[in-house]
1. Hand me the list of helices (runs of 4 or more DSSP H) wholly inside the range 65-136 holding 2 or more residues that are of a type outside the set (Asp, Glu) and within 20 Å of residue 54 (Cα to Cα).
2. So residue 79 passes all but one of these: (1) buried (at least 19 other Cβ atoms within 10 Å of the Cβ); (2) at pLDDT 95 or above. Which condition number does it fail?
3. For residue 244, indicate whether it is basic (Lys, Arg) and within 30 Å of residue 181 (Cα to Cα).
4. What are the residue pairs meeting all of these: first residue in the range 100-125, first residue over 22 Å from residue 20 (Cα atoms), second residue crowded, with 17+ Cβ neighbours inside 10 Å and among the acidic types (Asp, Glu), Cβ atoms under 8 Å, and 6 or more apart or on different chains?
5. Yes or no: the range 221-242 includes at least one residue that is more than 19 Å from residue 154 (Cα to Cα), in contact with a His (Cβ under 7 Å, 6 or more places away or on another chain) and at pLDDT 95 or above.
6. Can you pull out every residue in the range 72-111 that is among the polar types (S, T, N, Q) and under 33 Å from the mean Cα position of the chain (by Cα)?
7. Just to verify a result, which residue in the range 82-99, among those that are surrounded by fewer than 16 Cβ atoms within 10 Å (Cβ to Cβ) and touching a strand residue (DSSP E or B) at 6+ places or on another chain (Cβ under 8 Å), is nearest to residue 20 (Cα to Cα)?
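The values are calculated or read from the model by the stated rules, or taken from the named source; none is laboratory data. None of the values given here were measured: they were computed from a predicted structure. Quick reminder, even Gly has a Cβ in these numbers, built from the backbone with ideal geometry, and neighbours come from all protein chains shown.
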Amino acid sequence: MLKVFLNHASEDRALVLPYFEKLRALGHEPWIDRKLLPGQRWDEEIQRAFYSSDVVLIFMTPRSVRKRGYVQREIHDALERLKSLLPGDIGVIPLMLEECEVPHQISQVLQYIRLPNEWHKVVESLSLAAQQREIAVNDGLPLGPFLVYPRKEVLEWSGLPGYSLELRFPHFESSTLSNIALELNEYVTAMRFDCLLEARRTKLEQDPERFKHWVGTDSEFAASSFSFSLEPVLVGESIISMIRYEFGYFAGAAHGFQGATTHNFVAKDDGLVKLRLEDFFSDPYSACQHLTELCIQKIEKEWEARFETPPSADDREEIARSFPPEWSTYLHFSLSATGISVYFPPYTLGGYAAGSWSAEFSFDELGPLLKFDGPHLLAKRANAVAFVHSDVDGPAAHA
């Protein structure tokens with residue numbers, strides 16, 4: 001990983017920390033002085049981190065450029081290190097975090113980058129710096145106007161019961177839609193943290209008497225296991241569709257759980273707007289009735305394929321009751337360039353053993369119901385995604 005040292009004034013730490021997390025999400029190894037541990041010789045540790053780094057980022061604000069001491073010394077030493085690099089090598093990147101006068105010692109040798117609007121230039125410069133040093137980095141998967149970086153995080157906690165949590169999620173960067181990428185990352189971060197908080201509920205459900213006999217064994221009943229994966233399935237200039245898969249089991253439970261939720265957006269006026277399925281149709285009420293008729297037909301066919309027998313009259317009544325003509329029936333849907341897939345949770349129809357149900361609707365069969373200028377037009381122009389998560393760790397979190 002590319003080692004990146006973050007030079008900043010202590011007064012600016014709160015402004016710099018979000019960039020520390022963004023660098024980690026990109027697969028780099030950033031260093032900031034908050035990583036110092038009690039008892040460490042702080043001067044020695046800072047110097048070690050500084051001189052072992054590949055690139056120094058200088059965060060400039062009115063406070064940092066006026067500050068004497070370590071900030072200025074690090075800037076001076078970073079510029080001196082440039083003399084030992086090959087021509088064109090990237091070793092120092094000045095970043096204007098707030099409007100200020102750029103120190104002469106920087107402006108005479110380096111071009112600075114303005115944050116946050118030019119963050120994509122930082123991403124590109126660090127990628128080039130890694131290439132120059134033959135450091136393998138994940139350059140991201142190009143999807144529409146975005147570079148998407150897959151991340152994985154595994155957390156465990158020992159208790160009676162304990163838990164293990166695996167999170168897989170994307171990180172978005174874009175040179176043309178930087179604010180959209182920022183909002184997507186904020187949304188993903190909130191979802192990731194919500195999953196972590198749910199897993200931590202295990203700490204409130206301790207039962208030593210019940211679970212103590214599993215201590216030291218490999219039994220799956222000794223700990224809860226959670227896996228959450230957020231995957232983009234369609235990405236375009238102005239439309240994004242993602243599915244969150246979840247599965248696992250609670251300690252001591254008779255069987256596991258599984259499910260899928262979906263997250264669909266359009267970009268309007270440089271901001272995200274969440275899509276609902278009814279947004280696709282010119283007459284939502286009539287569309288819901290017709291969609292339900294189609295859905296029931298598709299579920300009946302799926303029933304016959306799954307159970308190798310046509311549904312009986314009672315089965316058809318149960319199917320009709322399970323999929324009422326209400327938009328709340330169709331909360332979870334994903335998009336492709338050719339149509340819409342709707343997902344129904346377990347227990348919607350039949351018990352746990354029956355599993356989950358879904359139905360696919362092509363834009364062609366929905367054609368008469370769709371808005372003439374609806375979001376399906378954006379989906380048709382977007383790119384379908386075969387998104388593969390990497391094993392690169394994402395931002396660390398406390399279990």
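1. On the way: elements: 70-81, 104-107, 119-132.
The qualifying helices (runs of 4 or more DSSP H) are 70-81, 119-132.
2. (2)
3. Working: basic (Lys, Arg): yes; within 30 Å of residue 181 (Cα to Cα): yes.
Answer is yes for this residue.
4. none
5. yes
6. Within the range 72-111, the subset among the polar types (S, T, N, Q) is 72, 84, 105, 107-108, 111.
Result: 111, single match.
7. Filtering the range 82-99 down to residues surrounded by fewer than 16 Cβ atoms within 10 Å (Cβ to Cβ) leaves 82-89, 98-99.
Filter again for touching a strand residue (DSSP E or B) at 6+ places or on another chain (Cβ under 8 Å), leaving 82, 98.
On the way: 82: 23, 98: 17 Å.
For the range 82-99, the residue satisfying everything is 98.
Quick grid of which residues meet (1) under 23 Å from residue 362 (Cα atoms); (2) not in a strand (DSSP E or B); (3) not assigned by TED's automatic domain parsing to the domain that holds residue 286:
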{"position": "300", "(1), (2), (3)": "yes, yes, no"}
{"position": "303", "(1), (2), (3)": "yes, yes, no"}
{"position": "311", "(1), (2), (3)": "no, yes, no"}
{"position": "315", "(1), (2), (3)": "no, yes, no"}
{"position": "319", "(1), (2), (3)": "yes, yes, no"}
{"position": "324", "(1), (2), (3)": "yes, yes, no"}
{"position": "329", "(1), (2), (3)": "yes, yes, no"}
{"position": "340", "(1), (2), (3)": "yes, no, no"}
{"position": "347", "(1), (2), (3)": "no, yes, no"}
